[in-house]
1. Can you give the FRET efficiency to the nearest 0.05 for ARG383 and SER147, using r as the Cβ-Cβ distance and R₀ = 41 Å?
2. Taking θ = phi - 60°, what integer Hz values does the Karplus form 6.51 cos²θ - 1.76 cosθ + 1.60 yield along region 473-483, in sequence order, with x for Gly and Pro?
3. Quick check: residue separation of GLN136 and GLU239 times 0.36 nm, minus the Cα distance between them. What number comes out in nm?
4. For ILE298, ILE126, ILE479, what's the fewest-to-most ordering of other Cβ within 10 Å of each Cβ?
5. If neighbour count is taken as other Cβ atoms inside 10 Å, put GLU263, GLU116 in order from fewest to most.
6. Could you give the length gained by full extension between ARG171 and GLN417, i.e. 0.36 nm per residue of separation minus their alpha carbon distance, to one decimal place?
7. Place +1 on the Cβ of every Lys and Arg and -1 on the Cβ of every Asp and Glu in region 339-443, take the dipole about the Cα centre, and give the residue among PRO392, PRO354, GLY403 whose Cα lies farthest towards its positive end.
8. Using the 10 angstrom Cβ neighbour count as an exposure proxy, how do TRP431, TRP399 rank, fewest first?
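Computed from the coordinates by the stated procedures, all read-outs in this text should not be read as laboratory data. Everything quoted here is computed from the prediction, not taken from an experiment. In this analysis, Cβ positions are derived from the backbone assuming ideal geometry, glycine residues included, and neighbour counts consider all displayed protein chains.
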Amino acid sequence: MMRSPTMTRRLASLLLVLLGATASAAAQQTAAGQAQPSAANAPAHQAVDGIAAVVNKQVITLRQVDIEAQKAQAQLKQQNIAVPDQQILRRQVLQRMITDALLSQEAERLNIQVTEAGAQQAAEVIAQRNRMTVAQLRAEIERSGVSWADYLKDLRHEVMVDQLRQRTVDRNIHISDADVDAFLKTQKRSGLSSLGQQRGQAQPPQQAQPSVLGLAQILVAVPEGAPAAEVQRLRGKAEELLARLRGGADFASLAASSSDAPEALQGGDLGVRPPEGWPDLFLQAAQNVQTGGVSDIIQSGNGFHILKVVTRGQEPQQAQAPASVAEPQRSPAPEGPMMVTQTHARHILIKITPAMTEERALERLRQLSHRLSMGENFEELARLYSEDASAPQGGDLGWLTPGETVPAFEQAMNALQPGQVSEPVLTQFGWHLIRVEERREKDMEDEYRRMQARQALFQRRVEPAFEDWLSQLRGQAYIDNRLDPQSSRRPR
């Protein structure tokens, strides 16, 4: 399916913290020529010098863990967060490295690669969104104590994870018209219009600032299929942590030492988003919590969560830190007529599958492009070769509104004049050839609100869906964690 809601916020647990960021990519590095023990031969929980963990066939060494632990310790000190004792810090770092290794392995299996040029392009996007040059962004990053090389390495990993999520999770999230209708009715009942803008406000749209909510979390993870006694034990751990928080313990320090979430070493910080961008479970739990307060324990498929409301109010005029590569620029929706340029387009899609590599798909599309240049009919080739649902209609996608297709597709389409055919374009769906038929101006006030609602619903669903997918990935993997044997996983 070609159409897909544009992702409007990167999963907070995998976002790069740009000021005070740490280089986490060392988890992906395995020394060239190092022996890779098989799952069958790897001894259970044996303390082997130099090996911290085995993730499928990838070894994570103690030296790699210690390097990352030093970086994490420096970051925690910079953020004025109490550093856990060395044993706990190494365990927390190793858990993050194991997750990174699993994601990198899955990306390699799906032939997802991010080049240095791709990381540089992502840095340019971040700079543009923060109204600065790349040189200014680099200076800001290096001023925070992070080298530009480490920053780009982390950025490559973030872009890789984003593409992996798009390939594995996004396409399985479906928002129906009934879902959109129900969401808009809820917004109307709560006295909000334009998804967060108060009705009857006197400020002009360009001055109005959308509301935001910043959260942090402590997660006590519950393994998939855990027996009832283990679930009860873990709930007791969560209750003990909540009691410590309500007794005055520092949330960020407790998260760094005790949370099982990926952002534990950032003090549990999940970032700041518009309220509609949070999962329903989190939004409901934080609804009556004052700024600086903590929620009761909430349970999800991943375990027990305790939330802290870090920020609640209006988005500031200037960002506190450079935005992430996948964070969108938000602006209030205008009231009244909204004229937009729509594009009528067709495309030919060759999907990337385990049997059809990215290189083979590109070569096939280039052959079709050559046939088009020799005068063959685009619609006929789309009917014969396109692997999209639009193939029977000659690849016709109808009238497309800005934001209705994925960014790479839209950017290439917008660069075309009516009658022109694009060069091959890569998206998470595969390789495309795009032809623009015509363009028109249309009042999209109602459609725009529906699109915003669809994106808001997508945001609420994508994070839990990705966490579920990651939990399944972990459950299917061979993980021998020699610093924390209880967290090891061996699929049956």
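1. Values: r = 52 Å, r/R0 = 1.27.
FRET efficiency, ARG383 to SER147: 0.20.
2. Result, rounded to whole Hz: 4, 5, x, 8, 8, 8, 10, 10, 8, 8, 8.
3. Working: separation 103, 0.36 × 103 = 37.08 nm, distance 4.53 nm.
Result: 32.5 nm gained on full extension.
4. With the fewest neighbours first, ILE298, ILE126, ILE479 line up as ILE298, ILE479, ILE126.
5. Numbers: GLU263 22, GLU116 10.
Lowest count first: GLU116, GLU263.
6. 85.7 nm
7. The residue sitting most towards the positive pole is PRO354.
8. By the 10 Å Cβ count, ascending, the order reads TRP399, TRP431.
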